[in-house]
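Below is one structure, written out as C-alpha coordinates, with a few remarks after it.
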Amino acid sequence: GFIPTTNLFRSSGFVQRQFLYWCLGPLLNIMGSASVRTPEQGGLLLATVAADQTLGDLGGRYFGITQDNRIEPERSSDNSYDTDTARRLYDTSCTLVGIEGI
(Lines give C-alpha, C1' and ligand atoms only; values in the text may rest on other atoms or scores of the structure.)
Protein backbone atom coordinates (compact mmCIF):
# COMPACT_ATOMS: atom_id res chain seq x y z
CA GLY A 1 0.00 0.00 0.00
CA PHE A 2 0.86 3.66 -0.12
CA ILE A 3 3.11 4.75 2.76
CA PRO A 4 3.29 8.56 2.58
CA THR A 5 5.86 8.94 5.38
CA THR A 6 8.62 6.75 3.89
CA ASN A 7 10.35 9.51 1.92
CA LEU A 8 9.36 7.90 -1.38
CA PHE A 9 9.16 11.30 -3.03
CA ARG A 10 12.49 12.58 -1.67
CA SER A 11 13.47 13.91 -5.08
CA SER A 12 10.24 15.89 -5.39
CA GLY A 13 10.06 19.52 -4.45
CA PHE A 14 9.42 20.73 -0.92
CA VAL A 15 5.77 21.60 -1.59
CA GLN A 16 4.98 18.17 -3.08
CA ARG A 17 6.62 16.35 -0.16
CA GLN A 18 4.77 18.46 2.39
CA PHE A 19 1.48 17.90 0.56
CA LEU A 20 1.97 14.11 0.61
CA TYR A 21 3.01 14.02 4.23
CA TRP A 22 0.58 16.51 5.76
CA CYS A 23 -2.43 16.43 3.39
CA LEU A 24 -2.79 13.37 1.19
CA GLY A 25 -1.77 10.70 3.72
CA PRO A 26 -4.03 11.95 6.55
CA LEU A 27 -6.89 12.61 4.11
CA LEU A 28 -6.78 9.05 2.78
CA ASN A 29 -6.63 7.72 6.35
CA ILE A 30 -9.70 9.75 7.31
CA MET A 31 -11.53 8.43 4.26
CA GLY A 32 -10.67 4.89 5.34
CA SER A 33 -8.54 4.00 2.36
CA ALA A 34 -7.28 0.44 2.81
CA SER A 35 -4.24 1.17 0.64
CA VAL A 36 -2.62 3.70 3.02
CA ARG A 37 -0.18 2.12 5.45
CA THR A 38 2.13 3.24 8.21
CA PRO A 39 5.78 2.17 7.90
CA GLU A 40 5.09 -0.32 10.69
CA GLN A 41 2.19 -1.91 8.79
CA GLY A 42 4.25 -2.11 5.61
CA GLY A 43 7.16 -3.68 7.49
CA LEU A 44 4.87 -6.17 9.21
CA LEU A 45 3.50 -7.30 5.86
CA LEU A 46 6.99 -7.83 4.43
CA ALA A 47 8.28 -9.62 7.54
CA THR A 48 5.22 -11.86 7.76
CA VAL A 49 5.30 -12.86 4.11
CA ALA A 50 9.04 -13.57 4.36
CA ALA A 51 9.00 -15.54 7.61
CA ASP A 52 5.52 -17.00 8.23
CA GLN A 53 5.77 -20.74 7.63
CA THR A 54 2.02 -21.01 7.05
CA LEU A 55 2.55 -19.05 3.82
CA GLY A 56 5.32 -21.40 2.65
CA ASP A 57 3.29 -22.91 -0.18
CA LEU A 58 2.37 -19.51 -1.60
CA GLY A 59 5.72 -18.42 -3.03
CA GLY A 60 5.74 -16.06 -5.99
CA ARG A 61 2.41 -14.50 -5.04
CA TYR A 62 1.37 -10.91 -4.39
CA PHE A 63 0.04 -10.20 -0.89
CA GLY A 64 -2.05 -7.49 0.66
CA ILE A 65 -3.51 -6.55 4.01
CA THR A 66 -7.28 -6.71 4.32
CA GLN A 67 -9.22 -3.99 6.14
CA ASP A 68 -9.33 -6.22 9.22
CA ASN A 69 -5.50 -6.62 9.06
CA ARG A 70 -5.32 -10.15 7.67
CA ILE A 71 -2.58 -10.95 5.17
CA GLU A 72 -3.96 -12.65 2.08
CA PRO A 73 -2.78 -13.38 -1.46
CA GLU A 74 -4.18 -10.94 -4.02
CA ARG A 75 -4.17 -10.69 -7.76
CA SER A 76 -1.66 -8.08 -8.86
CA SER A 77 -2.37 -5.58 -11.63
CA ASP A 78 -3.11 -6.80 -15.15
CA ASN A 79 0.13 -5.16 -16.32
CA SER A 80 2.15 -7.49 -14.11
CA TYR A 81 1.02 -10.46 -16.22
CA ASP A 82 2.23 -8.96 -19.50
CA THR A 83 5.11 -11.21 -20.63
CA ASP A 84 6.45 -8.68 -23.15
CA THR A 85 6.72 -6.04 -20.45
CA ALA A 86 8.34 -8.57 -18.10
CA ARG A 87 10.91 -9.44 -20.74
CA ARG A 88 11.76 -5.79 -21.38
CA LEU A 89 12.15 -5.22 -17.64
CA TYR A 90 14.39 -8.26 -17.32
CA ASP A 91 16.56 -7.23 -20.28
CA THR A 92 16.85 -3.64 -19.06
CA SER A 93 17.73 -4.83 -15.54
CA CYS A 94 20.47 -7.10 -16.90
CA THR A 95 21.90 -4.24 -18.93
CA LEU A 96 21.84 -1.83 -15.98
CA VAL A 97 23.67 -4.21 -13.64
CA GLY A 98 26.09 -5.37 -16.32
CA ILE A 99 25.19 -9.04 -16.57
CA GLU A 100 24.24 -11.15 -19.54
CA GLY A 101 20.64 -12.31 -19.50
CA ILE A 102 19.30 -15.63 -20.65
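Points to keep in mind about this one:
- Residues in the range 55-100 that are among the basic types (K, R) and either on the phi > 0 side of the Ramachandran plot or in contact with a strand residue (DSSP E or B) (Cβ under 9 Å, 6 or more places away or on another chain) (or both): R61, R75.
- Residues located in the range 73-98, provided they are β-branched (V, I, T) and farther than 19 Å from G60 by Cβ: T92, T95, V97
- Selection of the range 51-89 for residues being aliphatic (A, V, I, L, M) and under 27 Å from I102 (Cα atoms) yields L58, A86, L89.
- Residue within the range 81-100 that is loosely packed, with under 12 Cβ neighbours inside 10 Å, of a type outside the set (A, V, I, L, M) and either at pLDDT below 75 or under 17 Å from the mean Cα position of the chain (by Cα) (or both) present: yes
The values are calculated or read from the model by the stated rules, or taken from the named source; none is laboratory data. Every value quoted in this text rests on a predicted model; they were computed, and no experiment measured them. All Cβ positions, even for glycine, are placed from backbone atoms using ideal geometry, and neighbour counts span all protein chains on display.
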